[in-house]
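Only the coordinates and a few stated rules stand behind these numbers; no lab work does. For clarity, every value in this text was computed on a predicted model and none was experimentally measured. When we count neighbours, we look across all protein chains shown, and the Cβ atoms used for this are built from the backbone with ideal geometry, even at glycine.
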Amino acid sequence: MDALPDVGRHAQEAPGPAAVEARQRWRLVLRREPDAAALNKRELTRAFDEALAASGLPLVPSGRSRSRIALGAPLPVGMAAERELADLLLAERRPVHEVRDRLAAIMPAGYRLVDLHDVWLGEPSLVSQVVAADYRVILDPPVPAAELERAAAALLGAEQLPRERAKGGGSVRYDLRPLLVGVSVDRSAALSGASAAVRIRTRFHAELGTGRPDEVVEALAERLERPLEAAVIVRERVLLAGET
């Protein structure tokens, strides 16, 4: 009897589809409007993947997730943002005007392409470069600017800022101070009759976690000894290593 062909062996030896090599890396600067759909990170990534599939650009999956886009830093659900960062890999080099036009036409609802830059392919991952974020916060009820400035100075002058953060079914204690880079008061809004805006910079730390602007507002409320909430929080930008 003739021997049966070794199908398994040949199947294993058969070459699979060649991996697509990235030839270009674009860094996108995105704006998220206040009325954008409240999507978590997984839902947002899926929405971008579906939109990018219609762009006509020669996309290369980014990282192990195989997503077409690499978002820079998690953005709290429902928060507006002015200059979010994301990276996109292409299998062919394309001119900036073509990439801009194609991306601007397919942005998910509530998102707008503000800018884009052709960056070095060998640069570290975008996520690994994010070190901080700037936020603009309008408080409720309004607080006189002078009082806010004193409270902000007290936070920055403190050696520790013990806080509690909900986690799972309980809470964990942590020190907010190492995660707080700066707090300042913008008096321009107060001059127009509105509440002075607070500008907050928090740190992204691999071991300590991420400073959250709402927790800074809670710390301010304790210093002011009055109830205080964030009526509006906008993330103005994320900062990469080496930026100020």
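State whether region 130-240 is rounded, prolate or oblate according to the following rule on the C-alpha gyration tensor (a ≥ b ≥ c being the square roots of its eigenvalues): a/c under 1.5 gives rounded; otherwise a/b larger than b/c gives prolate, and the remaining case gives oblate. It comes out prolate by the Cα gyration axes. To the nearest ten degrees, helix 213-224 and the longest principal axis of the Cα atoms of the chain are 10 degrees apart.
Arranged from fewest to most other beta-carbon atoms within 10 Å of their beta carbon, Val198, Val234 become Val234, Val198. Computed extension gain for Thr210 through Val119, at 0.36 nm per residue and net of the alpha carbon distance, reaches 30.2 nm.
Evaluate E = 1/(1 + (r/R0)^6) for Asp140 and Asn40, where r is the Cβ-Cβ distance and R0 equals 45 Å; express this FRET efficiency to the nearest 0.05. With R0 = 45 Å, the Cβ-Cβ based efficiency is 0.95. Phi angles across region 226-240 convert, under the Karplus curve 6.51 cos²θ - 1.76 cosθ + 1.60 with θ = phi - 60°, into 3J(HN,Hα) values of 7, x, 8, 10, 8, 6, 9, 10, 10, 7, 6, 5, 9, 10, 9 Hz, Gly and Pro given as x. Please label the shape of region 24-123 as rounded, prolate or oblate, based on the square roots a ≥ b ≥ c of the eigenvalues of the alpha-carbon gyration tensor (a/c under 1.5 means rounded; beyond that, a/b larger than b/c means prolate, else oblate). Since a/c reaches 1.5 and a/b is larger than b/c, the shape of region 24-123 is classed as prolate. Among Asp35, Asp186, a tally of other beta-carbon atoms within 10 Å of each Cβ gives an order, fewest to most, of Asp35, Asp186. Both numbers refer to the Cα atoms of the chain; Rg and Dmax are 23.2, 97 Å.
Given R0 = 25 Å, the distance between the Cβ atoms of Val172 and Ala221 translates into a calculated FRET efficiency of 0.75. Dividing the mean sequence gap of close Cα pairs (under 8 Å, 6+ apart) by how many residues the chain holds gives a relative contact order of 23 percent. What's the FRET efficiency of Ser184 with Arg112 using the Cβ-Cβ distance as r and R₀ = 41 Å, to the nearest 0.05? Efficiency, rounded to the nearest 0.05: 0.90. Highest mobility in the GNM of the chain, judged by mean-square fluctuation with C-alpha springs under 10 Å and restricted to Gly170, Gly182, Gly72, is found for Gly170. Toward the positive end of the charge dipole of the chain, with +1 on the Cβ of Lys and Arg and -1 on the Cβ of Asp and Glu, the farthest Cα among Val127, Ala86, Val96 is that of Val96.
Model label sites at Glu147 and Asp101, defined 7 Å from Cα along the beta-carbon direction, differ in position by 5.5 nm. The angle separating the long axis of helix 145-157 from the principal Cα axis of greatest extent in the chain is about 60 degrees.
What does a probe at Ala54 reach in region 97-139, counting residues whose amide N is under 20 Å from the point 7 Å along Cα→Cβ? Hits in region 97-139 for Ala54 at 20 Å: 98-114. Ranked for footprinting exposure by Cβ neighbours inside 10 Å, fewest first, Trp26, Trp120 give Trp120, Trp26.
Around the Cα centre of the chain, unit charges on the Cβ atoms of Lys, Arg, Asp and Glu (plus for the first two, minus for the last two) sum to a dipole of about 140 debye. Applying both filters, DSSP loop and at most 12 other Cβ atoms within 10 Å, to the GluC sites (Glu not before Pro) of region 136-244 gives Glu159, Glu207, Glu225, Glu243. Remark: region 130-240 carries a charge dipole of roughly 260 debye about the Cα centre, counting +1 on each Lys and Arg Cβ and -1 on each Asp and Glu Cβ. For region 60-114, the alpha carbon convex hull comes to 99 Å³ per residue, rounded to a whole number.
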